[in-house]
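Report on one structure; see the data block that follows.
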Amino acid sequence: MNYFTKIWILILVLGAGSVMQAGESEVTPDARKVLKKASSDLLNQAKKAGFSTRLAVAGGMANNADHKIVDQAVGEAYFGRTRVPVMFLPERQIFRTPTKGAQFTGEFWRVLQATADGKKLDRLFAFPERVLLEASKKATKVEWLDSKVAPKIVKKEKAKGRTAVGGSEHEEKVFHRMRVTLPAEMALKYFIDMQNSGCLTGG
């Protein structure tokens, strides 16, 4: 699983939850439809009230199949508030759109893409709603992962009537983790973006 796929899964955990009753065990929510709905919901949220995003980037050397970093050379942390089409990073005094940006240095505003940190940010911290939209349109495979949350026991009350004798209990399984596989050319595009950010050289 590559770095960008992990980002998309994190977004899906927050925005694409689906619940299924145990009595419907033969029916699993369509992962691709849930992905598209999550993308639509996030876009609507961005337009109406906005949302906040935190992103941590760790880079370095790895020598195992799971790509766990053993010699970290890069560590970046970002926090942004997005309300289409603008993102504000309060900790860095940055305003940005998908194509432009500016940073207040304490004395004057600078074009974001004119600085090394600005170029790095542009390539590492994409607009989440745009990432999710692209994934929902171009994914070659969308699949559910095993949930790490135990099913919830929910009590269902019977309808009121002369013969009602109480409710029943059932389990509700939560689908909230999925893997999104994207075309190879997209993986190459994101790799080039990361390479151009300077992270691979520690810059």
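Within the range 169-185, identify whether any single residue is in contact with a Gly (Cβ under 7 Å, 6 or more places away or on another chain), modelled with pLDDT under 85, loosely packed, with under 11 Cβ neighbours inside 10 Å and not small (G, A, S), and answer yes or no.
No, the conditions are met nowhere in the range 169-185.
Being closer than 24 Å to K189 by Cβ and loosely packed, with under 11 Cβ neighbours inside 10 Å is the requirement here; does K68 meet it?
no
Are there any pairs, at least 6 apart or on different chains, whose C-beta atoms fall under 7 Å, with the first in the range 117-129 and more than 17 Å from G75 (Cβ to Cβ) and the second modelled with pLDDT under 85, and if so, which?
K119/S197; P128/I11
Being part of a loop (DSSP other than H, G, I, E, B) and charged (D, E, K, R) is the filter here, so list the residues in the range 101-142 that pass it.
E107
The values are calculated or read from the model by the stated rules, or taken from the named source; none is laboratory data. Worth saying up front: this structure is predicted, and the values here are computed from it rather than measured. Backbone-built Cβ (ideal geometry, glycine too); neighbour counts: all protein chains shown.
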